[in-house]
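In what follows, a single structure is set out as C-alpha cells and then discussed.
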C-alpha cells in the first residue's frame, strides 16, 4: 500500500466512526418519532382523532416523545393547531 491508499483508508474509517456517532445521537429522536406516529395511529383507530402529520408535528413528537404526541393530539382535538 502506498501513502494515498492509506490516507483514503484512514478517511473512510473516520467517516464510518462519524456516521456511527450521528446514528447513536439521533436514535432516541427516531424512536420517539416512530412511537409518536403509533400513538397518532392508535388515537385515530380507536377514538377517531385525526392529526395533520407535518414536519413540525414530527419534530415536536421526536423531541417530546409520548407527551409531545399527546400535546399535538390535544391541540388538534381543540382545533388550535395540526387540524387536518
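The values are calculated or read from the model by the stated rules, or taken from the named source; none is laboratory data. Just so it is clear, the structure is predicted and the values come from calculations on it, not from any experiment. Glycine also receives a Cβ, built like all others from the backbone with ideal geometry; neighbour counts cover every protein chain displayed.
Against the numbered list (1) in contact (Cβ under 8 Å) with a residue 12 or more places away in the chain; (2) outside any helix (DSSP H, G or I), residue 80 comes up short only at (1). In the set (1) assigned to a helix (DSSP H, G or I); (2) surrounded by 12 or more Cβ atoms within 10 Å (Cβ to Cβ), the condition left unmet by residue 25 is number (2). When residue 52 is tested against (1) in contact with a helix residue (DSSP H, G or I) (Cβ under 7 Å, 6 or more places away or on another chain); (2) surrounded by fewer than 17 Cβ atoms within 10 Å (Cβ to Cβ); (3) assigned to a loop (DSSP other than H, G, I, E, B), just one condition goes unmet, and that condition is (1).
Can you say whether residue 74 is surrounded by 12 or more Cβ atoms within 10 Å (Cβ to Cβ), at pLDDT 90 or above and over 19 Å from the mean Cα position of the chain (by Cα), as far as the supplied structure shows? Yes; evaluated as a whole, the condition is true for this residue.
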